[in-house]
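Since the structure comes first, as structure tokens, the remarks are kept for the end.
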Amino acid sequence: MTTDAIEDAVVSAARAKGYQLNSATMMMVACDLAGSTLDGDSLVLPGKFSLKIADYVRDLHDRAPSGFSKVQQDDKPADERTISELRRKRSLDPAWHDRRAKATGLTRDMMNEIAATRGEDKGN
């Protein structure tokens with residue numbers, strides 16, 4: 001049995017619970033399950049016992065919660081989102097609005113566009 005099938009089963013079980021594993025956690029999986037085989041929805045550990053994949057994922061989450069992140073639930077996967085969609089929009093400070101009120105020409109047009117995209121267009 002290849003380790004790819006075991007890793008795929010663990011990743012699938014984590015995703016079914018709404019989580020994504022990071023690379024450090026996957027290294028933990030590889031160490032924990034070295035020499036194991038897959039038997040349906042169970043892992044057979046060498047010389048020990050068999051364990052349901054869902055139980056293993058639950059135990060792994062208890063041992064290393066920082067290695068799990070929520071799977072993105074947006075309509076677009078992360079690799080299809082633009083940088084501006086991924087970037088957190090901070091509110092603009094009052095000093096920025098003061099500078100915007102004094103700006104002219106192209107600078108004012110660009111500042112108006114920034115304010116509009118952030119939902120802070122105050123009609124200056």
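Annotations
- Separation in nanometres of the label points that stand 7 Å from Cα toward Cβ, at Thr37 and Arg118: 6.1
- Near Val71, the amide H atoms lying under 5 Å from its own belong to Tyr19, Gln20; only residues 5 or more places off or on other chains count, and H is placed 1.01 Å from N.
Taken together, the values in this text are just the output of simple stated rules run on the coordinates, not laboratory data. This structure is a prediction, so every number in the text was calculated from the model and none was measured. Neighbour counts run over all protein chains shown; Cβ positions are idealised from the backbone, glycine included.
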